[in-house]
1. Here are the criteria: (1) at pLDDT 95 or above; (2) surrounded by fewer than 16 Cβ atoms within 10 Å (Cβ to Cβ). Tell me which single one residue 166 does not satisfy.
2. Only one residue in 191, 282 is under 25 Å from residue 175 (Cβ atoms), in a strand (DSSP E or B), in contact with a strand residue (DSSP E or B) (Cβ under 9 Å, 6 or more places away or on another chain) and free of Cβ contacts under 8 Å to residues at least 60 places away in the same chain, so which one is that?
3. Does region 253-265 contain any residue that is over 20 Å from the mean Cα position of the chain (by Cα) and in contact (Cβ under 8 Å) with a residue 60 or more places away in the chain?
4. Just give me the residues in region 194-213 being closer than 23 Å to residue 116 by Cβ, in contact (Cβ under 8 Å) with a residue 60 or more places away in the chain and assigned to a helix (DSSP H, G or I), in sequence order.
5. Determine if region 177-186 includes at least one residue that is without any contact (Cβ under 8 Å) to a residue 60 or more places away in the chain, assigned to a loop (DSSP other than H, G, I, E, B) and in contact with a helix residue (DSSP H, G or I) (Cβ under 9 Å, 6 or more places away or on another chain).
6. From the list 242, 204, 237, which residue is farther than 16 Å from residue 132 by Cβ and in contact with a helix residue (DSSP H, G or I) (Cβ under 6 Å, 6 or more places away or on another chain)?
7. Quick check on region 95-118: of everything there that is without any contact (Cβ under 8 Å) to a residue 24 or more places away in the chain and under 22 Å from residue 290 (Cβ atoms), which residue is surrounded by the fewest Cβ atoms within 10 Å (Cβ to Cβ)?
8. Can you tell me which residue within region 133-146, out of those that are in contact with a helix residue (DSSP H, G or I) (Cβ under 8 Å, 6 or more places away or on another chain) and within 19 Å of residue 275 (Cβ to Cβ), is surrounded by the fewest Cβ atoms within 10 Å (Cβ to Cβ)?
């Protein structure tokens with residue numbers, strides 16, 4: 001009899017309820033139990049899991065590793081998919097392995113390269129992957145100089161934090177003065193250069209931003225599954241142009257993605273994003289974690305989360321070719337259950353730290369698993 005697999009997702013994105021759904025709908029009907037932890041009691045991943053806990057707040061990366069190791073031992077975790085404190089966790093891979101837990105995450109070296117966008121651009125450019133022109137800026141004068149160079153070359157400038165995820169902090173520079181039309185409709189990403197410079201001067205402290213041209217659509221996110229032997233098992237591009245989404249196996253996108261995944265040790269699941277600079281694709285970003293939209297590959301007949309868990313367990317799924325490419329689509333949100341009452345916290349005896357109480361597993365519901373009151 002094949003034993004069940006116990007998977008833990010820590011403080012992950014709400015969209016990963018679909019990641020969890022796919023694990024349960026694996027082709028071999030293998031029993032999968034999912035543990036989830038989060039800092040927000042209203043995260044839908046807590047209700048979608050078989051067991052769930054609220055994470056303690058304010059832990060240092062080192063303390064979080066200790067917390068994570070304790071979770072893996074107490075919960076009998078077979079595969080841990082770390083998002084929060086990923087760099088600290090993967091640095092202790094051997095300790096998790098000794099506890100019987102495989103990490104579904106890249107090497108420490110890969111995480112270090114790609115958690116800083118400027119370092120990432122320099123690294124991938126050195127192996128022949130096209131990147132946009134970019135400047136790392138810390139002061140108002142450096143910002144103005146970078147914007148002027150980009151505008152002189154015919155580009156519109158934008159900036160984002162050198163370290164960050166999910167588009168947080170992304171802004172597009174405009175020279176148009178702030179006026180009433182900027183207050184109509186929905187807020188957009190555009191910000192006036194003079195306002196940014198004034199804010200920087202008032203702050204009196206350096207920032208750490210990447211300034212680059214605003215890249216054009218289509219945006220193509222290549223989801224990769226890579227083994228610890230540095231061979232890609234799966235690479236499929238998800239295209240985005242306005243509302244319209246689709247899929248591609250065009251080597252213009254897949255070849256550089258494979259080069260990055262295999263060359264930098266992006267083991268297990270990664271997401272490599274490209275956009276257009278003129279008439280050529282250039283790198284936009286590299287995520288060393290499963291993308292929130294990974295589940296959309298199910299429209300191509302692929303269950304990427306389950307293939308990744310198998311690979312983490314040492315069960316090589318082999319090279320995965322999508323049996324077909326799904327038709328173009330758009331994304332529509334839908335309701336998901338929440339835990340009815342916030343999970344309580346309890347104080348540990350050893351360190352006086354508030355830790356979540358451990359709820360009992362709940363029976364499966366039709367589309368998600370909710371915790372009992």
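The values are calculated or read from the model by the stated rules, or taken from the named source; none is laboratory data. The model shown is predicted, which means the values in this text are computed figures rather than measured ones. Positions of Cβ are generated from backbone atoms using ideal geometry, with glycine treated the same way; all protein chains shown enter the neighbour counts.
1. (1)
2. Details: 282 fails: free of Cβ contacts under 8 Å to residues at least 60 places away in the same chain.
Selected residue: 191, the only one of 191, 282 that is under 25 Å from residue 175 (Cβ atoms), in a strand (DSSP E or B), in contact with a strand residue (DSSP E or B) (Cβ under 9 Å, 6 or more places away or on another chain) and free of Cβ contacts under 8 Å to residues at least 60 places away in the same chain.
3. no
4. Scanning region 194-213 gives a single hit, 200.
5. Initial filter on region 177-186 (without any contact (Cβ under 8 Å) to a residue 60 or more places away in the chain): 177-186.
Of the ones still in play, those that are also assigned to a loop (DSSP other than H, G, I, E, B) are 177-179, 184-186.
Among the residues that remain, those that are also in contact with a helix residue (DSSP H, G or I) (Cβ under 9 Å, 6 or more places away or on another chain) are: 177-178.
Looking through region 177-186, at least one residue is without any contact (Cβ under 8 Å) to a residue 60 or more places away in the chain, assigned to a loop (DSSP other than H, G, I, E, B) and in contact with a helix residue (DSSP H, G or I) (Cβ under 9 Å, 6 or more places away or on another chain).
6. On the way: 242 fails: in contact with a helix residue (DSSP H, G or I) (Cβ under 6 Å, 6 or more places away or on another chain); 204 fails: in contact with a helix residue (DSSP H, G or I) (Cβ under 6 Å, 6 or more places away or on another chain).
One residue alone meets the criteria, 237.
7. So the residue we want is 97.
8. 133
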